[in-house]
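This report refers to the structure that appears directly beneath it.
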Amino acid sequence: MWLFTRKGFVSLAQHPQESDGDKLLVQGRCREEIDAFVALLDQAAGEAHEVQHVGDAASPFMVVARKSVLAQVVARLVMDIDYTEFVRTVHFDFGADPAFLLWVTPGGLQIGRVKPE
């Protein structure tokens, strides 16, 4: 699941080595964005989460979190919505050389090629 927030962009996926299914991987491309999201996780859990750098992957920063903690964070983000147009309230850095941009519109999922200036 992709989550675009005013704190940044993260990806959520089931942790592949969790037998009970209680933990998710939270992955991000930008250290500052993952750190801002982890601050929300830490506040919800009452304990610190450790960000791991996993090399040159598409999303090189990762943290493991319990689903219940993530649910609290997502609920808080929803409760804090105070804008009418999300895209006007946030700036995302997709890296130095992004190739494509993906977004959701009322007409469905759209993809656009980012052209260099």
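Residues that are of a type in the set (Lys, Arg) and at pLDDT below 90 were ranked within the stretch 1-30; the one that is nearest to ALA57 (Cα to Cα) is ARG29.
Per the conditions (1) surrounded by 15 or more Cβ atoms within 10 Å (Cβ to Cβ); (2) of a type in the set (A, V, I, L, M, F, W, C); (3) in contact with a helix residue (DSSP H, G or I) (Cβ under 7 Å, 6 or more places away or on another chain), the sole criterion not satisfied by ALA48 is (1).
Before we move on, is LEU77 modelled with pLDDT of 95 or more and within 15 Å of MET1 (Cβ to Cβ)? When the stated conditions are applied, LEU77 does not pass them.
The values are calculated or read from the model by the stated rules, or taken from the named source; none is laboratory data. All of these numbers come straight from a predicted model, not from anything done at the bench. Cβ: placed from backbone, ideal geometry, glycine included. Neighbour counts: every protein chain shown.
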